[in-house]
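Participant: After the structure tokens below, expect a handful of questions from me.
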Amino acid sequence: MKVITLENAAQIGEQLGRFYVDFVKEHPSCVLGLATGATPLPTYQYIVKAYEAGEVSFADVTTFNLDEYCDLPKDNKNSYYTFMQENLFKHLDIKAENVNFLDGNAADYEAESRRYAQAIQAAGGIDVQFLGIGRNGHIAFNEPSDAFTDEAFRVALTQSTIDANSIYFDDAPMPHYAMTMGIGSILRSKKIVLVATGASKAQAVKGMIEGAVTPQLPASVLQQHADVTVYLDKEAASLL
Ligand code: GLP
């Protein structure tokens with residue numbers, strides 16, 4: 001793992017945003033794995049500014065998002081689909097048919113998992129996977145558990161995650177289930193970038209980098225991937 005500690009979230013957004021803009025310019029048909037949450041926002045804002053300045057095109061880029069809530073309409077304001085439209089896709093020239101999400105309302109979750117795995121494979125695999133990290137060390141929605149998962153699956157969210165994310169659900173209860181890429185799907189990405197900002201992530205970051213590899217802290221599995229870059233602000237790095 002390569003660890004880069006910067007002053008604050010804004011600096012990470014600039015450095016990582018620059019990386020993405022350069023990567024897409026060099027690889028216009030690349031496949032990006034994307035994340036939701038507060039953490040990626042500065043990076044997405046940098047990318048949108050570069051696009052608006054005419055610096056880069058996403059016309060041939062394909063994306064796969066990590067996860068989606070179950071039992072929430074796709075166009076709900078809190079769906080991850082809506083999050084990505086509002087914060088990134090609607091500002092870019094990316095083609096709707098190149099944007100991929102897990103269907104949290106699929107009738108058959110196992111078939112949905114197979115569909116997503118096949119779509120990733122047909123696209124040639126994920127070139128760069130963006131990850132945030134949960135306070136309990138989760139990546140995507142892979143919660144602490146007894147075994148590492150492989151392909152996408154339906155997960156029961158933990159209380160820690162419900163507590164962290166329910167702030168966004170001001171008019172309806174937060175779903176307690178989600179569809180998420182599994183650990184295997186994430187590890188098959190050629191390159192992984194993980195960003196953690198703020199003191200609430202410091203304990204999980206310490207476990208991820210310095211602790212044992214254990215499904216009780218899912219992000220620790222990234223120690224086994226050959227190309228991971230972790231971007232931290234000072235608070236998230238404070239226990240290292
Ligand atoms: C969410 C998402 C993760 C995200 C994490 C941290 O629940 N499923 O993909 O990385 O929790 O979110 P945030 O960036 O808002 O702290």
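Participant: Hey, among the residues in the range 194-240 that are charged (D, E, K, R) and in a helix (DSSP H, G or I), which one's farthest from Thr43 (Cα to Cα)? First the steps, then the outcome.
Facilitator: So in the range 194-240, the residues charged (D, E, K, R) come out as 201, 206, 210, 227, 233-235.
Still in the running and in a helix (DSSP H, G or I): 201, 206, 210.
Numbers: Lys201: 18, Lys206: 23, Glu210: 26 Å.
Only one residue fits best here, namely Glu210.
Participant: OK, next. Which count do you get for residues in the range 144-174 that are away from the ligand (no atom under 11 Å from the Cβ) and surrounded by 19 or more Cβ atoms within 10 Å (Cβ to Cβ)?
Facilitator: Selection size over the range 144-174: 3.
Participant: Return a yes/no flag: does the range 132-143 have any residue that is under 22 Å from Val24 (Cα atoms), at pLDDT 95 or above and either within 13 Å of the ligand (Cβ to nearest atom) or within 18 Å of the chain's Cα centre (by Cα) (or both).
Facilitator: Within the range 132-143, one or more residues are under 22 Å from Val24 (Cα atoms), at pLDDT 95 or above and either within 13 Å of the ligand (Cβ to nearest atom) or within 18 Å of the chain's Cα centre (by Cα) (or both).
Participant: Ok, one more. Please find, within the range 48-72, the residue that is nearest to Leu34 (Cα to Cα) out of those that are within 14 Å of the chain's Cα centre (by Cα) and among the acidic types (Asp, Glu). Let's see the steps before the verdict.
Facilitator: To start, the set of residues in the range 48-72 that are within 14 Å of the chain's Cα centre (by Cα) comprises 63-69.
From what's left, among the acidic types (Asp, Glu): 67-68.
Numbers: Asp67: 9, Glu68: 12 Å.
For the range 48-72, the residue satisfying everything is Asp67.
Participant: Taking the range 119-157 on its own, how many of its residues are of a type in the set (Val, Ile, Thr), within 29 Å of Val21 (Cα to Cα) and assigned to a loop (DSSP other than H, G, I, E, B)? So that I can check it myself, show each step before the final result.
Facilitator: Narrowing the range 119-157 to residues of a type in the set (Val, Ile, Thr): 120, 126, 128, 133, 139, 149, 155.
Subsequent filtering for residues that are within 29 Å of Val21 (Cα to Cα) retains 120, 126, 128, 133, 139.
From what is left, the residues that are assigned to a loop (DSSP other than H, G, I, E, B) are 126, 133.
Qualifying residue count, the range 119-157: 2.
Participant: Would you tally the residues in the range 19-38 being hydroxyl-bearing (Ser, Thr, Tyr) and over 9 Å from the mean Cα position of the chain (by Cα)?
Facilitator: At the first step, the residues of the range 19-38 found to be hydroxyl-bearing (Ser, Thr, Tyr) are 20, 29, 36.
Now drop any that are not over 9 Å from the mean Cα position of the chain (by Cα), which leaves 20, 29.
Matching residues across the range 19-38 total 2.
Participant: Gly37 is checked against (1) buried (at least 21 other Cβ atoms within 10 Å of the Cβ); (2) out of contact with any strand residue (DSSP E or B) (no Cβ under 9 Å at 6 or more places or on another chain); (3) under 21 Å from Phe153 (Cα atoms) and fails just one. What number does that condition carry?
Facilitator: Only one criterion in (1) buried (at least 21 other Cβ atoms within 10 Å of the Cβ); (2) out of contact with any strand residue (DSSP E or B) (no Cβ under 9 Å at 6 or more places or on another chain); (3) under 21 Å from Phe153 (Cα atoms) is unmet by Gly37, namely (1).
The values are calculated or read from the model by the stated rules, or taken from the named source; none is laboratory data. Treat the numbers as computed from the prediction; the structure is a model and nothing was measured. Cβ coordinates were reconstructed from backbone atoms using ideal geometry, including for glycine residues, and neighbour counts include every protein chain displayed.
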